[in-house]
Amino acid sequence: MQMTNDRVAPVSAGSRRLKKVGKYLLLIILMFIVVSPFLLGFWTSFLPTAAISKGALWGKLSFDNYVAAVTTTPILRYLFNSLVISLFTMIAQLLFCSMSAYAFVFLRFKYRKFLFYVFLATMMLPFEAEVIPNFMTVRDMGLLDHFAVMIVPFMTTAFGTFMLRQSFMQMPKELKEASDIEGLNHWQFYYKVTLPYAKISMVTLGAYSFLSSWNQYLWPMLTTFSDNFRPVQDGLRQLQSQETFNNWGMIQASAAIVVLPTLIVLFIGQHYFKA
Amino acid sequence: MPMAIELQDITKVYDDGDQPVLSHVNMSVNDGEFFVIVGPSGCGKSTLLRMIAGLISISSGKLFINGTQANDLPPKDRKLSMVFQSYALFPFMNVYDNVAFGLKARKMSEKEVKDRVDHALDMVNLTKFAKRKPRALSGGQRQRVALARAIASDAKVCLMDEPLSNLDAQLRARMRLELRDLQKKLGLTVIYVTHDQVEAMTMADRVMVLHDHKVQQLDTPINIYKNPKNEFVAQFFGTPQINLLSANFSNREFKINNSFSLPVRRQFDDGQYTIGIRPNEFNVEVTQKGSNARTREVSYLGDKTVATAEILDGGQIVRLVLNNQVDIAEDNLIKITGAKQFYVFDSKTGEVLFNEREANLNATITAE
């Protein structure tokens, strides 16, 4: 037994190393596939448009495209619009989803379970199916071409409620009992205990709702008609079709600017996810 | 003595069940008393504690706190504090804030909060941990934070729900003493729920035994041990457990089997009974001659020997605790000559029929 063990050991160590090398090689290749379009886009945003049109990957690197994007297009206005929309959507979702989740976990009322399933059922419906009735509703409300049209329909989501409900349900029930003995009412328990306890889930939902609002394309395209309210994703598209000659360098620069806030949100989020 | 808490005929039935979780509980807790509610899991002891705290509604019966009926009083107006098995600390607050939490919720002045928290942390020797988060503390320290929270509140009644059962055995033994000490020092009235009979025996002024949704017995620990009211109570207290042997009474003796019987002077109706004998109350000789039992497992614990033995001809197993003068090994033949004391229980209801003191007076017990 001992002998076979001795003979087997070095072989298995060698094969283990080989396995590891193979695994990392695969990961590196996959990483390049995933990251290369992004790197290429970032790289071309520094190249003059003439070079890009020729299909060249080399040229004089400069910030000219960025200067052009900021000075000749309303990209900053788009950014501002998106920021307003995303921030308000995020805040509203955090508030309303956490409140409804709190109700589903800590309040006892008739048909609680049934109502929750009805809530969940709305998740089954794809957004595209709701577009037309939603459009008619916001048109009748007179919200078209305004910030409100991009915020109001997204102030709460079944997903957010579901996610926070799961996280609230994991709270030990003794915390609620201890708070009851100290005389905390539901509001106090909600903001003094539940929210800080579920901080990580709240940050996750915040990042998620910010990003999904930031990346909205179809809905703002249908409901906004002016640069005053158009968010970045639709703004980018606008840059492309406005002129017959596409200034690709500048469009790339704009795209890079647009990606930045997304990255910032992700980095902030990641800092909290670790905690 | 003034009664801090009194329960009259308290019954709890949950909406979705027809069987009561607790029925007709009567008890009163005196001021400054350490009152232990003990019972196996599922006996309703935590439910009872939560009804006293006001976390669960009372189905019927009356609850008095300091002489006023408190059935519908919200928890915070009942003037009590509670310590939980899982500690119920807020993980996102440091130790100081955890202890201050309830005081701030009650809108106390900043200075008073600080005084109380400092004092409470000092009482449990955690002053230097005030800025730590709970997860940076050991189990024992966390439990002390929970205690500090109870100390800091001005409530004179403290409810404890198995506060020590998440700790390891050694720490538990130490915390038992600390807790008892603290309770005396502060003059707290404590209602303490546990499933651990040792905790009940060592800490309590009085013990209430709950089982099968009913109060089995309410008395001092010594009385509960010496005069158990029924089989369950006898079995629940004492390690190793009491031996319960079925026996037949006729001709003034309890016949357990052909080789082992206990004669008594007192008269019983002929029939089936259950005999309870504590493991340390057997009279045992190690001898081949006239032996009536064979040892199976023997463990030496230093000051005593714990053994199990099979009574020959019938196969009932008995637990024995012997002093070290008796020298036995596994698979030895022994002779159980009798018992110093024993209890007779009704074999159907489990009620005690014949208790120890009477046994001393009326029975001389020898084997055949």
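The values are calculated or read from the model by the stated rules, or taken from the named source; none is laboratory data. Note that the structure is predicted; figures quoted are calculated from it, not measured. Don't worry about glycine lacking a Cβ; one is built from the backbone with ideal geometry, like all the others, and counts go over all protein chains shown. In case anyone asks, the SASA skips ligands and DNA or RNA and just uses the protein heavy atoms, side chains included. Shrake-Rupley method; radii C 1.70, N 1.55, O 1.52, S 1.80 Å.
Some observations on this one:
- Ligands, DNA and RNA are left out, and with a 1.4 angstrom probe the accessible area of the stretch A:1-154 is 70 Å² per residue.
- Contact residues in the stretch B:94-125 by the 30 Å² criterion (accessible area, 1.4 Å probe, full protein complex versus chain alone): B:101, B:105, B:106.
- Percent accessible area from carbon and sulfur atoms, the stretch B:114-222, protein chains only, probe 1.4 Å: 50 percent
- Spatially, the stretch B:139-196 and the stretch B:304-344 are offset by 39 Å when compared through their Cα centroids.
- Whole-Å distance, taken between Cα centres, linking the stretch A:21-36 and the stretch B:1-63: 64 Å
- Residue-level accessible surface for residue B:265, protein heavy atoms, 1.4 Å, Å²: 140 Å²
- Compared with the direct C-alpha span, the chain from residue A:114 to residue A:266 gains 51.2 nm at full extension, assuming 0.36 nm per residue.
- Surface calculation, 1.4 Å probe, protein heavy atoms: residue B:231 sits at approximately 50 Å² accessible.
- Filtered trypsin sites (Lys or Arg not before Pro), the stretch B:68-125: DSSP coil and at most 10 other beta carbons within 10 Å: B:107
- Sorted peptide list for B:185-191, B:313-319, criterion being average Cβ within 10 angstrom, highest first: B:185-191, B:313-319
- Members of the stretch B:43-73 that become less accessible by 20 Å² or more once partner protein chains are added (1.4 angstrom probe, chain alone as reference): B:50, B:55
- Under 19 Å from the Cα of residue B:111 - lysines, other chains or at least 8 residues apart: B:131
- Computed over chain B: relative contact order in percent, which uses C-alpha pairs under 8 Å that are six or more apart: 15 percent
- Take the accessible area of chain A alone and of chain B alone, subtract that of the pair, and you get about 1600 Å² summed over both chains, using a 1.4 Å probe.
- Per-residue mean of C-beta atoms belonging to partner chains within 10 Å, peptide A:169-179: 6
- Per-residue mean of C-beta atoms belonging to partner chains within 10 Å, peptide A:181-188: 6
- Structural descriptor for the stretch A:74-243: relative contact order 46 percent, calculated from alpha carbon pairs under 8 angstrom and at least 6 residues apart.
- For the peptide B:86-92, the mean number of other protein chain Cβ atoms found within 10 angstrom of a residue's Cβ is 6.
- Accessible surface, per residue, of chain B when the full set of protein chains is kept, probe 1.4 Å, Å²: 46 Å²
- In terms of accessible area, using a 1.4 Å probe and ignoring ligands and nucleic acids, A:262, B:127 rank largest first as B:127, A:262.
- Net charge of the neighbourhood of residue A:184, taken over other residues with C-beta under 13 Å away and scored Lys/Arg +1, Asp/Glu -1, is +3.
- Accessible-area value, residue B:171, 1.4 Å probe, nucleic acids and ligands omitted, Å²: 40 Å²
- Across the protein chains, with a 1.4 Å probe defining accessible surface, the residues B:291, B:138 rank B:138, B:291 from largest area downward.
- The stretch B:258-297: chymotrypsin sites (Phe, Trp or Tyr not before Pro) in DSSP loop, at most 16 other beta carbons within 10 Å: B:268
- Loop-located trypsin sites (Lys or Arg not before Pro) in the stretch A:10-117 whose Cβ has at most 16 other Cβ within 10 Å (DSSP): A:60, A:108, A:110
- For the peptides A:121-130, A:227-236, the ranking by packing is A:227-236, A:121-130, with the highest mean count of neighbouring Cβ atoms within 10 Å listed first.
- Span-like helix ranges in chain A, DSSP H, alpha carbon extent 27 angstrom or more, Kyte mean at least -0.5: A:2-44, A:75-106, A:248-274
- Out-of-range pairs (alpha-carbon distance over 25 Å; input A:110/A:199; B:79/B:185; B:255/B:304; B:62/B:156; B:107/B:133): A:110/A:199; B:255/B:304
- Considering only A:49, A:98, B:109, the residue lying farthest towards the positive end of the dipole of the protein assembly as shown is A:49, judged by Cα position with unit charges set on Cβ.
- Summed side-chain charge close to residue B:91 - residues other than residue B:91 whose Cβ falls under 9 Å, Lys, Arg +1, Asp, Glu -1: +2
- Taking a ≥ b ≥ c as the square roots of the eigenvalues of the Cα gyration tensor, chain A is classed as oblate, since a/c reaches at least 1.5 and a/b does not exceed b/c.
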